[in-house]
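Asker: The structure follows.
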Amino acid sequence: MNEFEDLLNSVSEVTPGDVVTAEVLTVDAGQANVAISGTGVEGVLTLRELTNDRDADINDLVKVGETLELLVLRQVVGKDTDTVTYLVSKKRLEARKAWDKLVGREEEVVTVKVTRAVKGGLAVEFEGLRGFIPASMIDSRFTRNTERFVGQEFDAKIKEVDPAENRFILSRREVVEAAAASARAEVFGKLAVGEVVTGKVARITSFGAFIDLGGVDGLVHLTELSHERNVSPKSAVTVGEEVEVKVLAIDEVEGRVSLSLKATQPGPWDGVEQKLAAGDVIEGKVKRLTDFGAFVEVLPGIDGLVHISQISHKRVENPKDALSVGQEVTVKVLEVNAADERVSLSIKALEERPAAAEGEEKAEKRAPRPRRQKREEKRDYELPETQSGFSMADLFGDIEL
């Protein structure tokens, strides 16, 4: 009798909210039956109270004979019998422990896992506790496609913890920005004007392409994409392409790097002497017109000048009267100056000189040069140089005294 009384006294009551130790008796039909140690009663542990993953197999999570620490949720009385069991939870106990660990840890960085994309942001999990990352705090740039983060694990900074309101807010953006700032400082420390570096095309705009240099995006302006004029950025590079670029300028204060793609490529004037020579007759296209002549593209990236005097044997007042932009013309190379990047061309050199023009030129050659005008004759009131002097009688001889 004494032993029986001792056994009864050793059995404690179970109250919702208690943390208990229990042994797994059976695992079946998506739940586990457990014996709560020191109570003589059993508990039920469902898959839902075991994990947030509803697709998980409970047999992979608990085994018969395993001892678990659980939180008592409530009492459950059988419908057909007076059997009393308790609903217990492993997940909620872990969440309570997680809350205890979180209090006072604001601004600390922790690793979280994204469980799903929700309205206005991402639902994440940290040690069994659900948290929330607002859309504005996901990345340094606004993210529209939040679904791509589901299933990912990443670092986030704790911004707010309120166990009473079940409120747990985090920010990934601050972690991303801090990492970017560190990478940017490292890259700027290595970059030097004039050196050639390798990067990846990050994005393309109407005014050029941004190249990721490993933490810093440098800009290749459209004028630095190619030696060809008026090239489209999309035709010059593609997103994700790896390219070599030359550093033109660095502004660490503003976080700007100016790059050039064309500076790493052979220029149109390299070896031009092997492609063009005085006397060559080639086809070209009029690219632009000026008051003094027409620029004709004779090779990709090379425009030669047809001076207004070389357009025609006839007098041309304005190049627009004889040529138009886009017109195909045949020209003769007069001179190639690679050092000054200059090519002189002629159209009239390939045309037969009109007879009238020949006559006009001969007439111009025979025409006497205009003589200089004679000096103006001395005015008559000036005294002749031979007059040496005069007497008083010459002046007053006809005056009566």
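Asker: Roughly how many nanometres apart are two label points built 7 Å out from the Cα toward the Cβ at residue 26 and residue 292?
Answerer: Once both label points are built, they end up 10.3 nm from each other.
Asker: Exceeding 30 Å between C-alpha atoms, which entries from my cross-link table qualify? They are 113/246; 275/348; 190/262.
Answerer: On the way: 113/246 40 Å; 275/348 22 Å; 190/262 22 Å.
Pairs exceeding 30 Å: 113/246.
Asker: Can you list residues from other chains, or at least 5 along the same chain, whose modelled amide H is less than 5 Å from the amide H of residue 160?
Answerer: So residue 160 has HN proximity to 169.
Asker: Below 9 angstrom from the Cβ of residue 73, what's the summed charge of the other residues (Lys, Arg +1; Asp, Glu -1)? Show your work: numbers first, answer last.
Answerer: Working: positive: 74, 92; negative: 49.
Overall, the nearby charge balance is +1.
Asker: On a 26 Å Cα-Cα criterion, which of the cross-link pairs 63/157; 97/119; 91/157; 119/200 come out too long? Present the calculation step by step, with values, prior to reporting the outcome.
Answerer: On the way: 63/157 36 Å; 97/119 28 Å; 91/157 23 Å; 119/200 33 Å.
Going by Cα-Cα distance, 63/157; 97/119; 119/200 fall outside the 26 Å limit.
Asker: What is the Cα centroid distance between the stretch 178-208 and the stretch 270-343, reported in whole angstrom?
Answerer: Taking the Cα centre of each part, the stretch 178-208 and the stretch 270-343 sit 40 Å apart.
Asker: Shifting gears a bit: Around residue 237, which amide H atoms from residues at least 5 apart in sequence, or from another chain, sit under 5 Å from its own amide H, with H modelled in the peptide plane?
Answerer: Amide H neighbours of residue 237, under 5 Å, 5+ apart: none.
Asker: Something else about it: Placing one identical point scatterer on every Cα of the stretch 73-135 and ignoring solvent, what is log10 I(q)/I(0) from the Debye formula at q = 0.27, 0.28 Å⁻¹?
Answerer: -1.14, -1.17
Asker: While we're here: In the stretch 198-352, with Lys and Arg counted as +1 and Asp and Glu as -1 at Cβ, which of these residues, 343, 316, 213, has the Cα nearest the positive end of the dipole, that is, farthest along it?
Answerer: 316
Asker: Counting only protein heavy atoms and a 1.4 Å probe, tell me what percentage of the stretch 176-306's accessible area is made up of carbon and sulfur. Display every interim value, and only then the final one.
Answerer: Numbers: 3530 of 7100 Å².
C and S fraction of accessible area: 50 percent.
Asker: Can you give the accessible area of residue 348, probe radius 1.4 Å, in Å² rounded to 10?
Answerer: Around 50 Å² of this residue is reachable by solvent.
Asker: What are the radius of gyration and Dmax of the stretch 40-166, computed over its Cα atoms and given in Å?
Answerer: 18.0, 60
Asker: Moving on. Can you give the local net charge around residue 217? Use residues other than it whose beta-carbon is closer than 12 angstrom to its beta-carbon, Lys and Arg +1, Asp and Glu -1.
Answerer: On the way: positive: 141, 184, 200, 203, 256; negative: 212.
It works out to a net charge of +4.
Asker: Which trypsin sites (Lys or Arg not before Pro) in the stretch 209-316 sit in a loop by DSSP (not H, G, I, E or B) and have at most 12 other Cβ atoms within 10 Å of their own Cβ?
Answerer: Numbers: sites: 229, 234, 246, 256, 262, 275, 285, 287, 288, 314, 315; in loops: 229, 275, 314, 315.
In loop regions of the stretch 209-316 (DSSP not H, G, I, E or B), the sparsely surrounded trypsin sites (Lys or Arg not before Pro) are 229, 314, 315.
Asker: Let me ask something else. So which GluC sites (Glu not before Pro) in the stretch 153-201 pass both tests, a DSSP loop state and at most 15 other Cβ atoms within 10 Å of the Cβ? Intermediate results must be reported in sequence, preceding the final value.
Answerer: Numbers: sites: 153, 160, 165, 174, 177, 186, 195; in loops: 195.
Sparse-neighbourhood loop GluC sites (Glu not before Pro): 195.
Asker: Here is a follow-up. Can you tell me the Rg and Dmax of the stretch 269-323, counting just the alpha carbons, in angstroms?
Answerer: Gyration radius and largest Cα-Cα distance of the stretch 269-323: 12.2, 36 Å.
Asker: Residues of the stretch 162-242: accessible area per residue at 1.4 Å, in Å²? Provide the component values of the computation, followed by the final result.
Answerer: Details: 4560 Å² over 81 residues.
I get 56 Å² per residue for the stretch 162-242.
Asker: Taking H as built 1.01 Å from N, whose amide H comes closer than 5 Å to the amide H of residue 312, not counting residues under 5 places away?
Answerer: Counting only residues 5 or more places away or on other chains, the set is 348.
Asker: Another one. Filter the GluC sites (Glu not before Pro) in the stretch 264-341 to those in DSSP coil with at most 10 other Cβ atoms within 10 Å of their Cβ, and list the result. Each step should come with its number before you reach the end.
Answerer: Details: sites: 273, 283, 297, 317, 328, 335, 341; in loops: 317, 341.
For GluC sites (Glu not before Pro) across the stretch 264-341 that sit outside H, G, I, E and B with at most 10 neighbouring Cβ atoms in 10 Å, the list reads 317.
Asker: If you consider only alpha-carbon coordinates, what radius of gyration and Dmax does the stretch 186-257 have, in Å?
Answerer: 11.7, 35
The values are calculated or read from the model by the stated rules, or taken from the named source; none is laboratory data. Quick caveat, the model's predicted, so the values are computed rather than measured. Backbone-built Cβ (ideal geometry, glycine too); neighbour counts: all protein chains shown. These accessible areas exclude ligands, DNA and RNA; they are computed on the full protein's heavy atoms, side chains included. Shrake-Rupley method; radii C 1.70, N 1.55, O 1.52, S 1.80 Å.
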